[in-house]
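Every number here is computed from the coordinates shown, using simple stated rules; none is lab data. Since the model is a prediction, treat every value here as computed from it, not as a measurement. All Cβ positions, even for glycine, are placed from backbone atoms using ideal geometry, and neighbour counts span all protein chains on display.
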Amino acid sequence: MEAYLDNSATTKVLPQVTEIMAKVHIEDYGNPSALHQKGIEAEKYLNYTRETIAAFLGVKEKEIIFTSGGTEANNLAVKGAAKRNRRRGTHLLTTKIEHPSVLNCFQKLAAEGFEVTYLTVNREGIIDLEELKHSLRPETLLVSIIHVNNEVGSIEPVKEAAAIIKEYNEKIIFHVDAIQSVGRLTIKPAEWGIDLLSMSAHKLHGPKGAGALYVRSGVLLEPLLDGGGQERDLRPGTENVAAIAGFGKAVELAAPNIDRQRETLYSLKKNFYAAVKEKIKEVKINGPEDEKGAPHIINLSFPGVKGEVLLHALEGKGVYVSTGSACHSRQSTPSHVLQALGLKKQEIDSALRFSFSILNDGQQIDYAVKILAEAVNELSRFGH
Ligand SMILES: Cc1ncc(COP(=O)(O)O)c(C=O)c1O
């Protein structure tokens, strides 16, 4: 038996997605910029995905820019907005619990002379809207807030944040990293006042290496690359047509079922946590409980047990989880997210993230909990 519970790191690609990708590679392999029929056939896939994503988000097709994934979408949004609009102000605002693909952009910009304010979060990983309000200044140029945190599943009040930011100064550019929320939670960037929104295909059963940035009409960005003018000059380079087609299919499959799937994920998470609490005496949740958190993520600490040792014990029995985010779990620095939540070193060292998808079922949950309980009991006896 296998239980893949690392769906925040990446999800399994759905068969309908691989099917459309294979068709692109085998039959419709033209360059979408080419003038002949093969090019036109390839371009249709880009149009299809652009239309699908735009309809899903309630935005215009021309506002969707394809990128090589979430990291690039975040880089284009943060660096692109700051650099292109620098003369409007040099103060930037973000949170302490962003993904490294956002956080590291801000660190680079700080080294280039921008001033960055990092909003704190409470024990549940949620920002304080009052702190946001008081941190805005006349020279604030850009605010970037993650929608769903990838390590603990906290849901940030981005709709309310947008209202505060725009009321203060509607020219401030508001970016949201929605990479963990697209396909799982409702998000309406145009309606809510979000200017830039990052997405990534592989978090919703699409392929790796495809992402998109929603760029509200009128928002100007400096491209990261120079090249042939694709994607309205914002992201030159021949588009990854097969992956983009797969992205469109993944969104098409998720869109009509989002409410039902959200309920399924919440019930997997609820059942998992209830069973864990029943079988394991010492367990502590990091981040929000139940429906206050994202439907697919739960982060737990098992006092006295090293998260990494536990991860490998579980792996030996076909249960796949993560110690923090996949992006930096190979580094030995303690998670900046768990630190921002105020966790002690021992709590951070014993933390594991479990993340679910619609491809998980009750049997896998039961199996994972059984293996987890055995491993925690075994390892805590040896003081690992
Ligand atoms: C919140 C968040 N932002 C950004 C990324 C980076 O996305 P990608 O893997 O597509 O580069 C991830 C992926 O782990 C993420 O969870």
Rg/Rg_ref, the range 334-384, where Rg_ref = 2.2 N^0.38 Å and atoms are Cα: 1.43
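Run the numbers on the chain and let me know its relative contact order in percent, using alpha-carbon pairs under 8 Å that are six or more apart.
On the way: 783 pairs, mean separation 92.7, N = 384.
It rounds to 24 percent for the chain.
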Column: log10 I(q)/I(0), Debye, Cα scatterers of the range 109-256, q = 0.08, 0.14, 0.20 Å⁻¹: -0.26, -0.79, -1.36
In Å, descending, principal axis extents of the Cα set of the range 181-339: 58, 36, 29
Taking MET21, MET1 and counting other C-beta atoms within 10 Å, the order from fewest to most: MET1, MET21
Virtual spin-label span in nm between ASP361 and ARG137, 7 Å along Cα→Cβ: 5.7
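In square nanometres, what is one fourth of the surface area of the convex hull spanned by the alpha carbons of the chain? Don't skip to the answer; put the middle values down first.
Details: hull surface 74.5 nm².
Answer in nm², one decimal: 18.6.
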Where N is the number of residues in the range 54-174, Cα Rg divided by 2.2 N^0.38 Å: 1.04
Calculated on alpha-carbon atoms, Rg and Dmax of the range 10-86 in Å: 15.3, 45
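What net charge is computed for the residues neighbouring GLU289, neighbours being all others with C-beta under 12 Å from the C-beta of GLU289, Lys and Arg scored +1, Asp and Glu -1? Mind dumping the intermediate values first?
Details: positive: ARG123, LYS269, LYS270, LYS277, LYS284, LYS292; negative: GLU124, ASP290, GLU291.
Summing Lys and Arg as +1 and Asp and Glu as -1 gives +3.
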Cβ-defined net charge surrounding TYR273, 9 Å radius [Lys, Arg +1; Asp, Glu -1]: +1
Those lysines that a straight Cα-Cα span of less than 16 Å connects to LYS203, excepting residues fewer than 8 apart in one chain: LYS12, LYS249
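Normalised by the residues of the range 13-165, what does the relative contact order come to in percent, with Cα pairs under 8 Å and at least six apart? Please list the in-between numbers first.
On the way: 168 pairs, mean separation 26.6, N = 153.
In percent, rounded to a whole number, it is 17.
On a full-extension model of 0.36 nm per residue, what is the gain between ALA22 and LYS62, subtracting their alpha-carbon distance, rounded to one decimal in nm?
Values: separation 40, 0.36 × 40 = 14.40 nm, distance 2.63 nm.
Gain on extension, ALA22 to LYS62, equals 11.8 nm.
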FRET efficiency for THR120 and LYS370, using Cβ-Cβ distance with R0 set to 35 Å, rounded to 0.05: 0.35
DSSP-loop trypsin sites (Lys or Arg not before Pro) across the range 120-206, with at most 13 other Cβ within 10 angstrom: ARG123, LYS171
Projected-area mean, the range 194-279, by convex hull of Cα positions, square nanometres: 8.2
Dipole of the chain, positive end: most advanced residue of VAL13, HIS99, LEU314 [Cβ charges, Cα centre]: HIS99
Of LEU129, LEU234, LEU57, farthest towards positive along the dipole that unit charges on Lys, Arg, Asp, Glu beta carbons give the range 15-256: LEU234
Under DSSP loop assignment and at most 15 Cβ neighbours within 10 Å, longest GluC sites (Glu not before Pro)-free interval of the chain: 171-281
Charge context of ILE145, other residues only, Cβ under 14 angstrom, K/R +1, D/E -1: -3
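Going by C-beta contacts inside 10 Å, put LEU220, LEU343, LEU311 in order with the fewest on the left.
Values: LEU220 11, LEU343 23, LEU311 20.
Final ranking by Cβ density, sparse to dense: LEU220, LEU311, LEU343.
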Cα pair count fraction exceeding 19 Å, expressed as % - the range 166-235: 43
